[in-house]
1. Report the chymotrypsin sites (Phe, Trp or Tyr not before Pro) located in region A:198-281 that are in a DSSP loop and have at most 13 other Cβ atoms inside 10 Å of their Cβ, or state none.
2. Mind listing which trypsin sites (Lys or Arg not before Pro) in region A:450-512 are in a DSSP loop and have 16 or fewer other Cβ atoms within 10 Å?
3. In region A:276-298, whose amide N lies under 11 Å from the spot 7 Å out along Cα-to-Cβ of A:Ser356? List them in ranges.
4. Rounded if a/c is under 1.5, else prolate if a/b is larger than b/c, else oblate: which is region A:259-343, with a ≥ b ≥ c the root eigenvalues of its Cα gyration tensor?
5. In terms of modelled amide H atoms, which long-range or inter-chain residues lie less than 5 Å from the amide H of A:Phe224?
6. Grab the other residues whose beta carbon is less than 12 angstrom from that of A:Arg296, score K and R as +1, D and E as -1, and report the net.
7. When the chain is fully extended, how far beyond the present Cα-Cα distance does A:Ser479 get from A:Ala444, taking 0.36 nm per residue of separation?
8. State, to one decimal in nm, how far the label point of A:Glu455 lies from the label point of A:Cys507, with both points 7 Å from Cα in the Cβ direction.
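The values are calculated or read from the model by the stated rules, or taken from the named source; none is laboratory data. All of these numbers come straight from a predicted model, not from anything done at the bench. All Cβ positions, glycine included, derive from the backbone under ideal geometry; neighbour counts span all protein chains shown. Protein only, heavy atoms only, side chains kept; ligands, DNA and RNA dropped before computing areas. Shrake-Rupley method; radii C 1.70, N 1.55, O 1.52, S 1.80 Å.
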Amino acid sequence: MSIFSGEGNTDTILETLLTYSALEKSAPVQQDADSDDFSSDCEGNFLDDFTDIDSSSDTEEIINPGSDEESKLLYLTKMGYSEAEASVAMERCGPDSSIAELTDFICAAQMAKAADALFPVEDRKPFCNGSNYNKRRNLSYDLWKRKKQMKLEKKLLNEDDDALHLPNPMIGFGVPTEPDLITQRTLPEAAVGPPYFYYENVALAPKGVWSTISRFLYDVEPEFVDSKFFCAAARKRGYVHNLPIENRFPLLPFPPRTIHEAFPLTRKWWPSWDPRTKLNCIQTCTASARLTERIRKALEAYDGEPPLNVQKYVLDECRKWNLVWVGRNKVAPLEADEVEMLLGFPKNHTRGGGMSRTDRYKSLGNSFQVDTVAYHLSVLKDMFPGGINLLSLFSGIGGAEVALHRLGIPLKNVVSVEISEVNRNIVRGWWEQTSQRGTLIDIADVQELNGDRLEQLMSRFGGFDLVVGGSPCNNLAGSNRHHRDGLEGKESSLFFDYCRILDLVRCMQRNQ
DNA sequence: CACAAGATGAGTTTCTCT
DNA sequence: AGAGAAACTCATCTTGTG
């Protein structure tokens with residue numbers, strides 16, 4: 001079994017990583033904080049380190065004892081990498097590879113297999129070779145053994161990263177409506193700004209994804225928050241940021257927090273057997289007219305309450321498609337402007353500008369919940385009374401910009417990177433409509449934002465105060481039947497561009 | 001071509017019931 | 001506790017229509 005599972009995107013990721021590590025600073029993936037630049041001084045340390053390692057303990061195969069290869073192997077294992085990882089890396093990178101190249105390779109490999117890191121043992125197929133009696137006799141034993149092994153691994157895994165378990169209730173360090181509030185945390189030293197950064201993605205990503213994200217973002221513990229504590233719709237998201245968490249304040253007025261408050265007219269038609277008070281997560285697709293018609297017909301056949309099986313069918317569909325009651329036996333999907341309101345955007349924010357109805361739902365479904373994000377960003381208001389310079393990656397329809405604006409934090413200079421032209425139009429339109437006095441620069445492709453371009457922008461603005469980004473979730477989201485490939489997926493791997501750019505900004509800002 | 005509708009589960013967490 | 005059921009999820013691909 002190869003560490004690279006053959007998905008074509010790993011090359012690109014590797015490339016990104018290599019440019020990223022070429023910055024000659026401590027890579028955030030690096031586990032040992034004490035070795036800042038191991039590529040230059042590791043050579044001298046080889047033999048010293050070599051002596052105090054018990055080389056016979058866990059080596060399965062000895063390759064040329066005393067050779068350069070083995071020294072590297074030991075060095076890597078001492079750095080905390082497994083022996084398997086180290087030897088694969090050496091095999092792939094060749095005998096003359098430096099330690100830096102090897103660690104780069106390993107971290108790319110770890111990343112590439114993050115999704116299936118759950119059960120790293122090779123496929124056990126207890127009866128792969130035909131059908132003899134003995135094998136059949138062993139079947140139940142094998143199954144039992146396998147089950148036991150799985151249980152054990154699960155247990156180990158759980159104990160291993162229980163720091164990344166989703167909190168229940170999902171309130172992160174706190175939300176305005178709940179009493180439990182954490183106001184103190186200690187950030188890893190490497191994470192302390194400037195600039196401040198704020199990264200977002202779906203909370204329910206495949207296993208291992210969030211620990212990878214956290215590892216790449218200076219080991220900052222993600223804050224998992226469900227936006228149902230801020231509005232009438234659920235939205236479970238993880239946020240990794242280095243902002244202070246004391247003295248946060250919410251946007252006012254509070255948005256409606258139940259379906260009935262948000263849509264008072266639905267109350268009249270809401271059947272008693274539909275217990276929902278919150279909507280589910282707003283997604284990118286919406287129910288068709290024909291589905292609502294099917295539901296109407298299913299209900300029409302009954303005078304009073306429909307039988308339980310019909311209730312269940314209707315409720316399941318309502319939950320799946322976020323339908324609300326708009327008439328007798330009539331359900332309907334949310335209108336786009338209603339979604340805008342739920343997510344905290346101004347009405348008609350996504351209207352016009354070349355947006356089709358489908359586009360509108362898609363852009364909204366991919367966006368921030370403004371009140372949630374604003375609550376986290378609110379701490380910036382007192383710190384930057386004169387306004388901030390913002391670097392906004394994967395801006396979408398400008399959730400971060402809207403949040404800061406609604407908080408009353410002036411936007412001095414905003415560099416916004418967004419691939420979709422209609423989305424850029426939306427943000428541009430909003431920018432002009434709200435009479436912003438700062439400068440908005442939009443860039444289509446993150447790849448365009450290389451060191452030179454950043455240097456040019458930063459010298460013009462004097463650096464960035466905040467780097468915001470919610471990288472694509474396509475390959476992480478549960479709704480994706482086809483390519484839920486994890487962080488190495490085609491779109492979701494852009495996360496590593498967020499890291500690359502954030503790192504560049506931090507590095508340049510520090511050296512100015 | 002643009003747009004809309006319909007078909008397409010799995011992976012995880014959370015709830016429920018012994 | 002723990003096994004099984006239920007609930008939930010920032011989606012993609014193909015087809016139809018104008």
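1. Hits after loop and neighbour filter: A:Trp273.
2. Values: sites: A:Arg453, A:Arg460, A:Arg481, A:Arg484, A:Lys490, A:Arg500, A:Arg506, A:Arg510; in loops: A:Arg481, A:Arg484, A:Lys490.
Sites meeting the loop and neighbour criteria: A:Arg481, A:Lys490.
3. none
4. Note, shape of region A:259-343 comes out prolate.
5. Here the answer is A:Gly172, A:Tyr239, since their amide H atoms fall under 5 Å of that of A:Phe224.
6. Values: positive: A:Arg290, A:Arg294, A:Lys297, A:Arg328, A:Lys330; negative: A:Glu293, A:Glu300, A:Glu317.
So the surrounding residues net to +2.
7. Contour length minus Cα-Cα distance gives 10.0 nm.
8. Rounded to a tenth, the inter-label distance reads 1.1 nm.
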